[in-house]
Protein chains: 2
Amino acid sequence: MVKQEAQREQTASMEDYLEAIANLGEGRKVVRVKQISEMLGVKMPSVTSALKKLSERELVEHERYGHIKLTPEGDKVARDVIRRHKALTRFFAQALGINKETAEEDACKIEHVISSLSMERLVKFVEFIEACPLGSANFPSRYEYYLEHGELPRDCSKRSVRKRK
Amino acid sequence: MVKQEAQREQTASMEDYLEAIANLGEGRKVVRVKQISEMLGVKMPSVTSALKKLSERELVEHERYGHIKLTPEGDKVARDVIRRHKALTRFFAQALGINKETAEEDACKIEHVISSLSMERLVKFVEFIEACPLGSANFPSRYEYYLEHGELPRDCSKRSVRKRK
DNA sequence: TATAATTGTTAGCCGTGTCTAACAATTATG
DNA sequence: CATAATTGTTAGACACGGCTAACAATTATA
């Protein structure tokens, strides 16, 4: 309940814009206001005003009618959001068995609010599930072992897999 | 990324107020504006204006300088938020091993944005972890079994526990 | 290349949810 | 019970992040 958190630098909205720009710009592609607006489901003027704010914050380079590009700092922030996004999607999809669609949607929301501590744990959890996928007796203990030692317990190899179904 | 979600009825802020009122009102205790404001870390005028809006939406009964009480509808919403809150806290604390403090903080944020599908899965996941806590070989398969049948597989009983540590 | 289509920007509005300052009601206490 | 302390409300401001309408620049095409 209590609101006393040590705030993130960026708002959720700003993170969304940075993430979108990073994704659209993959492979040196030119990024357009229109594309951003479609990707985020907002109108173009909203994008323009967001870009203005992000420029002021030196997270984005943008000149009127011109190119849109993340600054190194903006790129750093975007990469971090994307990292959280991917980890959360994997968690919902792989670990919980949620459909990709919903997993993506939830990741989009949660990526802006989750603490870094929980984020790191979730990443480790998914890594554990994926690395030690089937023949893993005694799950929580093994997970604790993994958290503590950073590697899988000896008897967690894929060799001991027994397929079901 | 894409914003096309079918919105919740209430805003995150409204849910916070309802949750706070429900928690403060436990056991017929009188709820005060001051308490709500302290619990949520906002000033009293913010509470007053939130109560006004919640009254209009018929989620709260409130008269000037008078009592504050959830309507049946408001109570229903509050219970649901609290249910999500508790499940998330359990997930972070029990399943991921996060400290209670951080688990609470993250639950507070995520309870407002997670889809009901993911929420239900998370609840089941925690139930599974707690019910099938130690001697559980073949974790993901057993989890799938649990999801599919709604009950633990035969060989998941607490009888087969081997304590570690 | 002139004009049409598209894309982008500006201006200004709105709802949400905070805040402070000033005032009002209630409650406690000398 | 009068007054001080506390609690609650109102009024008005502000930041955020959307939106529409109108206009400007760019790009495509007849």
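If the segment from residue B:73 to residue B:127 were pulled out straight at 0.36 nm per residue, it would be longer than the present Cα-Cα gap by 16.6 nm. Of the residues B:62, B:92, B:39, the one whose Cα sits farthest towards the positive end of the charge dipole of segment B:10-107 is B:62 (charges of +1 on Lys and Arg Cβ, -1 on Asp and Glu Cβ, taken about the Cα centre).
Please state, to two decimals, what the Cα-based radius of gyration of segment B:10-107 comes to when divided by 2.2 N^0.38 Å (N = residues).
Here the Cα radius of gyration is 1.12 times the empirical estimate.
What separates the Cα centres of segment A:42-91 and segment B:82-125 is a distance of 29 Å.
Got the relative contact order for segment B:10-107 handy, in percent, Cα pairs under 8 Å and 6 or more residues apart? The normalised contact order for segment B:10-107 reaches 24 percent.
A Förster distance of 45 Å, applied to the separation of the beta-carbon atoms of residue B:63 and residue A:46, puts the FRET efficiency at 0.65. In order along segment B:53-66, phi translates into HN-Hα couplings of 5, 5, 5, 4, 7, 6, 9, 9, 9, 7, 10, 2, 6, x Hz, rounded to whole numbers, per the Karplus curve 6.51 cos²θ - 1.76 cosθ + 1.60 with θ = phi - 60° and x for Gly and Pro. Once backbone amide H atoms are built at 1.01 Å from N, residue B:68 has B:31 as its partners under 5 Å, excluding neighbours fewer than 5 places away on the same chain.
Do any chymotrypsin sites (Phe, Trp or Tyr not before Pro) in segment B:58-126 lie in a DSSP loop with no more than 10 other beta carbon atoms within 10 Å, and if so, which? Listed in order of number, the matching sites are B:65.
A short reminder: the numbers here are calculations on the coordinates, not readings from a lab. Just so it is clear, the structure is predicted and the values come from calculations on it, not from any experiment. Ideal geometry is used to build each Cβ from the backbone, glycine not excepted, and the neighbour counts take in all protein chains shown.
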